[in-house]
Protein chains: 2
Amino acid sequence: MTAIAEIFSQGEEVVCGQIVDSNAAWLSQQLNELGFTVKRHTAVGDRLADLAGLIEEIAGRADCCICTGGLGPTSDDLTAEAVAIASGETLKLDEVALRHIEAYFENRLRPMPAINRKQAYFPAGALRIDNPTGTAPGFALRIQRCWFVFLPGVPSEMKAMFAAVREQLLSRFTLRPARLVTLRSIGIGESAIQQCLESLVFPDGVRLGFRAAVDEVQTKLLFPAGFPQSELQICVQQAAGLIGDYVFAIDGLEDGQGGDLLAVIDRGMSVKNYSLAVMETASGGLLAAKCRGRDWLASVSIAKDAVGAARQLAVEPDSAGDLAAAAERLACRLMRLQNVDFALVQLFQGSQDDYRHKDKRIVLYNCLQTGGSAVHAQHSLSGGAHTKQNQAALLSLDLLRRTLQNPCL
Amino acid sequence: MTAIAEIFSQGEEVVCGQIVDSNAAWLSQQLNELGFTVKRHTAVGDRLADLAGLIEEIAGRADCCICTGGLGPTSDDLTAEAVAIASGETLKLDEVALRHIEAYFENRLRPMPAINRKQAYFPAGALRIDNPTGTAPGFALRIQRCWFVFLPGVPSEMKAMFAAVREQLLSRFTLRPARLVTLRSIGIGESAIQQCLESLVFPDGVRLGFRAAVDEVQTKLLFPAGFPQSELQICVQQAAGLIGDYVFAIDGLEDGQGGDLLAVIDRGMSVKNYSLAVMETASGGLLAAKCRGRDWLASVSIAKDAVGAARQLAVEPDSAGDLAAAAERLACRLMRLQNVDFALVQLFQGSQDDYRHKDKRIVLYNCLQTGGSAVHAQHSLSGGAHTKQNQAALLSLDLLRRTLQNPCL
């Protein structure tokens, strides 16, 4: 049985959507890595009855709950009061906490406002958690089955205090951290991956999940604590083999072969100090932007279309309309002009209207000249203009990645 | 009595902290603007019993709940099944939804995987919500006192579908929508804006909020239903005046002068059909990428640094190290070479290491040649490499925006 955890965020600014609650995600990651099963996040505003009611709910169903917010000095900071109601304890002044708050203001040569005194009152029996960077100390206590930890909502203060919380949790709970392996892919959708994996029977306790990020699709395998390393390797290799060469990297294997698409390309280009020249059209500068600061990127040109690209490279524009052939000719020219190891040319078929309209498609033609040979890739892109632009940049880079990972290079 | 709303986010990736749940904040803002009181956000993972249990809880205490996630085709997408359990309805095939999903794949010239069929099954009696940009349709139905709306978790799809949801909510609930006016600014932080506005006393019932987005800071003024239009205008003008010319647009005034930075620049450039040539260094292609498809963008060159920029424009590199003067010389040259109305040159001071390190700074020099004169702007940039790159692109574009909005142009 793993310990069940919840995250509880307090504040009108969260529940009204004035701020995005990044604390909850950060705390969940920490608790997952420690071996907790995080089952729920909840956010409520600054109403005493709502707060006390929620604490009572959580006290009955979770083993651990990390709460953020509501520890400030003002009238809408009601956490300690709500905890007092839910736990049946009275609020008591913590002399050490008060001295810390007084010292905070002394160090800044400012008088302590009277309202800050309130921050030193905790429910009787609570454990104080010092705040090295702000005025609001945190506290922790058990209510029913649940160990509650209350921290301030300011992310930098909360994170600085979590180091001490982590030690407390490790000594209070018997935890066995799980192991996450992530297969990262480009050019294949979530449901197609699921179909690829249909024939694979995962061992008991292994959990499969997917995440469609902006730049990639991630297939996540969560292995329970103590899962044999050799079986894990086989399971991951089988899954990667079924998805095929859409997988550009695998995170979580500690073989140094993980990372995002650019990290994989960086490793490939550094093997022989390769250099690259690029002509981009459909991605309009976004490919260059993704590669900014890379020494292997010798030059980038941006053109509106195939005619503009030909003009920039001072060759006759292609009249036959064969964009794959045109891309190859331009890539040859670019390679000679820039004296590089690789030249990547991206062209596309489609009007500006096709490009902008989310229901219309453009066809992307990529050609990578590697000296000895030319590698081609063709894709049909749909979605809004930003989606097409990003996909164009990624798929052009992915042709470079595939070529670099090809053992025949 | 205002209607009580909740937000419910489904997904292991949310509850395990792999992604920050920005949907909840966005939806809360929408519901608040419509006149709902949002009382709670909850996120749970992909466990059927947890999902069904939570739906039953919410059904008893809220009037409206917007749920995101769990509508995909894979085995961990369990929302419809959980709703069936909580509502006591069976799942039925929606023929129209199925045709939409089939059409989605036909448009992309891909066979529809069999598992996607599952996405067309809704609880009997549910109202279908079409998804114009993805495969997952949404649906809505009443359970006990609560009107539940289920939408996909992909933010772009969810937001596109919310337009139809908004109309449904306005017809189902008696709401008194508040009026939101948003001051959009670049180049000034949230706390500096707060200081600017310190002297301003807002009328009763007007709520002030801030949102730091990736590309801008938004100052939000929420006016209660029925707030007099003339007082609203005065209040907005006072706030905008105090923040100053960092404000590039104001949304919500129905004068057609809102929109993002590019929309404002588009309007300015179209007045006299202006054309622009750009040399970017610090943003490495991202400025071009943000302007992709714009007819007014005549040419873009990308260089690693001032020396590379000079070489590309075939002028002697500047040896004195005065980057503002160098940018002006290069802008003159670029304007003549490309025969455009404006030439924008971006240079920066700082090593690659300064650029990459989040605690180090680079200094950005922008010069915009407008024929008659040259306008300069200088900024100190900090943060990680992506932050610096994006800020560089935005601040260069913002110099163009300020020049276009200058009545003396």
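What the table below lists for this structure:
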{"read-out": "Coarse-grained scattering of the stretch A:4-172 at q = 0.16 Å⁻¹, given as base-10 log I(q)/I(0) from a Debye sum over alpha-carbon atoms", "value": "-0.90"}
{"read-out": "Spin-label model distance (nm) - B:LEU208 vs A:ILE234, 7 Å beyond Cα toward Cβ", "value": "6.6"}
{"read-out": "Convex hull volume per residue in cubic angstrom - Cα atoms of the stretch A:1-104", "value": "133"}
{"read-out": "DSSP beta bridges in chain B [antiparallel fraction, %, rounded to 5]", "value": "60"}
{"read-out": "Nm distances between copies for B:LEU127, ranked from closest, using label points 7 Å along Cα→Cβ", "value": "5.0"}
{"read-out": "Folded to 0 to 90 degrees: helix A:261-271 orientation relative to chain A principal axis, Cα", "value": "60"}
{"read-out": "Cβ-based exposure ranking for B:ARG333, B:ARG176, B:ARG145, in which fewest neighbours within 10 Å come first", "value": "B:ARG176, B:ARG145, B:ARG333"}
{"read-out": "Computed magnitude of the charge dipole of chain B (debye, nearest 20; Cβ of K, R +1, Cβ of D, E -1)", "value": "440"}
{"read-out": "Other-copy label distances relative to B:GLN229, 7 angstrom Cα-Cβ extension, nm", "value": "7.3"}
{"read-out": "Euclidean distance of C-alpha centroids, the stretch A:58-84 and the stretch A:221-248, integer Å", "value": "41"}
{"read-out": "A:ARG117 versus B:ARG311: modelled label distance in nm, points set 7 Å from Cα along the beta carbon direction", "value": "7.0"}
{"read-out": "For B:ARG329, B:ARG207, B:ARG401, order by how many other beta-carbon atoms lie within 10 Å, fewest first", "value": "B:ARG207, B:ARG329, B:ARG401"}
{"read-out": "Using a Förster distance of 51 Å, the FRET efficiency for B:SER75-A:THR90 (Cβ separation, nearest 0.05)", "value": "0.55"}
{"read-out": "Where only alpha carbons of the stretch B:131-229 are counted, the Rg and the Dmax (Å)", "value": "17.9, 50"}
{"read-out": "Max mean-square fluctuation residue, GNM over chain B, Cα-Cα springs under 10 Å, options B:LYS358, B:LYS220, B:LYS272", "value": "B:LYS272"}
{"read-out": "Lysines with Cα under 18 Å of B:LYS272, excluding same-chain neighbours fewer than 8 positions away", "value": "none"}
{"read-out": "Qualifying aspartates and glutamates (Cα of each under 12 Å from Cα of A:LYS388; at least 8 residues distant if same chain)", "value": "A:ASP215, A:ASP354, A:ASP359"}
{"read-out": "Fewest-first sequence of A:LEU253, B:LEU330, B:LEU127, B:LEU169 by Cβ atoms within 10 Å of each Cβ", "value": "B:LEU127, A:LEU253, B:LEU169, B:LEU330"}
{"read-out": "Label spacing, shortest first and in nm, from B:GLU56 to its equivalents in the remaining copies (7 angstrom along Cα→Cβ)", "value": "2.0"}
{"read-out": "Counting DSSP beta bridges with both ends in the protein assembly as shown, the antiparallel % (nearest 5)", "value": "65"}
{"read-out": "Rounded Å value of the spacing that divides the Cα centres of the stretch B:97-116 and the stretch A:281-323", "value": "34"}
{"read-out": "All lysines inside 27 Å of A:LYS118 as judged from Cα atoms, apart from same-chain residues fewer than 8 positions distant", "value": "A:LYS92, A:LYS159, B:LYS39"}
{"read-out": "Label point distance in nm, B:GLU106-A:LEU127, each placed 7 Å from Cα along Cα→Cβ", "value": "6.3"}
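Each reported figure results from applying straightforward, stated rules to the coordinates on display, with no laboratory input. In this text, all values refer to a predicted model and were calculated from it rather than measured experimentally. So basically every Cβ, Gly included, is an ideal-geometry build from the backbone, and we count neighbours across all protein chains shown.
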